[in-house]
Amino acid sequence: AALRKARRQEQLVSKRLLREDTGAEEGGQDGAESVPDPLSEDEVLQLLRGVQRGSEDRKRSLSRLRWALQNKETQQKFVRLDGSIRTLIGLFTSSLADMQMEAARCLHELSHSSDPAVAEACLPVTSYLLTYLSGHSVEFTELCLYTLGNLVVESEAVRKQLLPQGIIPVLASCIQSPHEAVLEGLGYVLSQLLQAKEAPAEIIPLVLDSVLPQHMLRLVCSGLKAGTGAAVEFAWCLHYIVCSHTANGALLSLGALPALTSLLLDLASEIPQDAPEGLELLVCPVLRCLGNLLAEETGCEVQIQDERLLIALFLILQCFLQQHPFIVQECLWLLNNLTADKPFFCSALLSLDLLPALLQLLPCSQLARVLVLTVLCNIAEKGPAHCQLLHQQPALPLLLPTLTLPDPEVVGQCLELLHLLFLHWPEAAADFVRQGGHQALKQHQSTPELQERVRAL
């Protein structure tokens, strides 16, 4: 739920924790997860010594240590002990598979810490984590990936160490894995790297020089409808790359625009009325990628002159409107970029009789109102024929309530639309007066940022 909220609202980093059900084993009730109490420094030292001794109890000591490291204070005490991380690395790189896995789980617990000092203490393990991304069990590889992802979130020092160590080529070698769990973990690491502040200058160029973008695009387009976790991660990765604005040419040359358009069409044609939870996390980055690619590319309207894209957008809107209203603004942002300077989509929106469905979105939110009005302005800018059609499909009765709102941004956009309608189709002005619009304008005569436009109308 927390990840969904973060993904919906912003492009945020996050940490993930892979943990077995150890509650019953370690004293929880009915296997319920419970965080252990902090250990004293002596208790932590005793556990470390138990791990260091080559006795039969070493694995049990290691399991107890892993459980204890779920506590933040215990983590901090552990990393301060001389030789603690070195001991874990020794077991992590041993030839004993069960010890290696248990040590990996201990390191994973440490990577989940919110204390930067704990992440810094884990720096020596990063090269080994990269080495073990190939040739081991799926479970072990997955654990290494999420440990890496957690560490790169926390520490710029970790990222600066991993880049020269070749993390991007290593990740590129993993992307052809047949295992969904490995691909999802890989997507997680990449999504965290691509959100780093140094990503546009230092990370994205390396990603673009690898095979990652084309494989990410392929996996998103093949896995999106199935709702796979890997498709979610890679869709967001593509979104972060597009947001950097430096990579759009490279993605367009890979055919990202037609591929994502086709994907959206397929999705809309097969989307169930009760969309499964989580599907919105897949749809959102695809909408954003298309919207941003359209905003950047000047000749792309030639590539996607397909009115089915408008129908797909409104089907998606209808599906997610009630449960996930944040999708509305994503669809409207894409619709805005489709209709800006593109007569084809403006004409198609009117000929397909989608205007009533668009106007019904006005009450959704403040941002939705602004975007709906902006799309209508895009249509009105195309001249008299389009303004005549807007007037014939009764837009004015729905605009009048909007004009009375105490929101200067919304009202300002409404005034811009009225200006275009009156300019290109004077009959709309006469109709506006007959419906009492003149009185609605008067209430904004004293609003500083609106006065001039109100007077002009």
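The values are calculated or read from the model by the stated rules, or taken from the named source; none is laboratory data. Computed from a predicted model, the values in this text were never measured in an experiment. Here the Cβ is made from the backbone with ideal geometry for all residues, glycine too, and neighbour counts use every protein chain on show. Note: areas computed on protein heavy atoms with side chains; ligands, DNA, RNA excluded. Shrake-Rupley method; radii C 1.70, N 1.55, O 1.52, S 1.80 Å.
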_Pairs where the first residue, in segment 327-346, is open to solvent by 30 Å² or more (accessible area, probe 1.4 Å) and the second is of a type in the set (D, E, K, R), C-beta under 7 Å, 6+ apart_ = P343/K382; F344/E301
*Here are some conditions: (1) open to solvent by less than 30 Å² (accessible area, probe 1.4 Å); (2) under 18 Å from L335 (Cβ atoms); (3) not β-branched (V, I, T). L396 meets all but one. Which one does it not meet?*
(2)
_Only one of E280, E301, E307 that is within 29 Å of V375 (Cβ to Cβ), modelled with pLDDT under 80 and acidic (D, E)_ = E301
*Name every residue in segment 403-440 that is surrounded by 19 or more Cβ atoms within 10 Å (Cβ to Cβ) and outside any helix (DSSP H, G or I), in order of residue number.*
W425
*Starting from residues that are modelled with pLDDT of 90 or more and among the hydrophobic types (A, V, I, L, M, F, W, C), keep the ones in segment 221-241 and report whichever is farthest from the chain's Cα centre (by Cα).*
I241
*Selection from segment 409-457 of residues that are among the hydroxyl-bearing types (S, T, Y) and either more than 19 Å from V370 (Cβ to Cβ) or touching a residue at least 40 places away in the same chain (Cβ under 8 Å) (or both)*: S446
_Leading residue by the ranking (most open to solvent (accessible area, probe 1.4 Å)) among those in segment 354-370 that are in contact (Cβ under 8 Å) with a residue 12 or more places away in the chain and in a loop (DSSP other than H, G, I, E, B)_ = C364
_Looking only at segment 112-155, and only at residues there that are without any contact (Cβ under 8 Å) to a residue 60 or more places away in the chain, of a type in the set (G, A, S) and touching a helix residue (DSSP H, G or I) at 6+ places or on another chain (Cβ under 6 Å), the one that is nearest to S84 (Cα to Cα)_ = A121
*Got a sec? Which of I311, I316 is among the aliphatic types (A, V, I, L, M) and open to solvent by 30 Å² or more (accessible area, probe 1.4 Å)?*
I311
*Might you let me know whether segment 282-299 holds any residue that is over 20 Å from D209 (Cβ atoms), without any contact (Cβ under 8 Å) to a residue 40 or more places away in the chain and not hydrophobic (A, V, I, L, M, F, W, C)?*
yes
*Give me a count of the residues in segment 262-291 that are of a type in the set (D, E) and either over 17 Å from I311 (Cβ atoms) or part of a loop (DSSP other than H, G, I, E, B) (or both).*
3
*Working only within segment 390-408, note down all residues that are within 14 Å of R369 (Cβ to Cβ) and more than 36 Å from the chain's Cα centre (by Cα).*
L400
*Counting only residues that are over 14 Å from L313 (Cα atoms) and in a helix (DSSP H, G or I), which one in segment 250-261 is most open to solvent (accessible area, probe 1.4 Å)?*
S253
*asked:* Name the residue that is farthest from the chain's Cα centre (by Cα), counting only residues in segment 273-294 that are charged (D, E, K, R) and open to solvent by 10 Å² or more (accessible area, probe 1.4 Å).
replied: D274
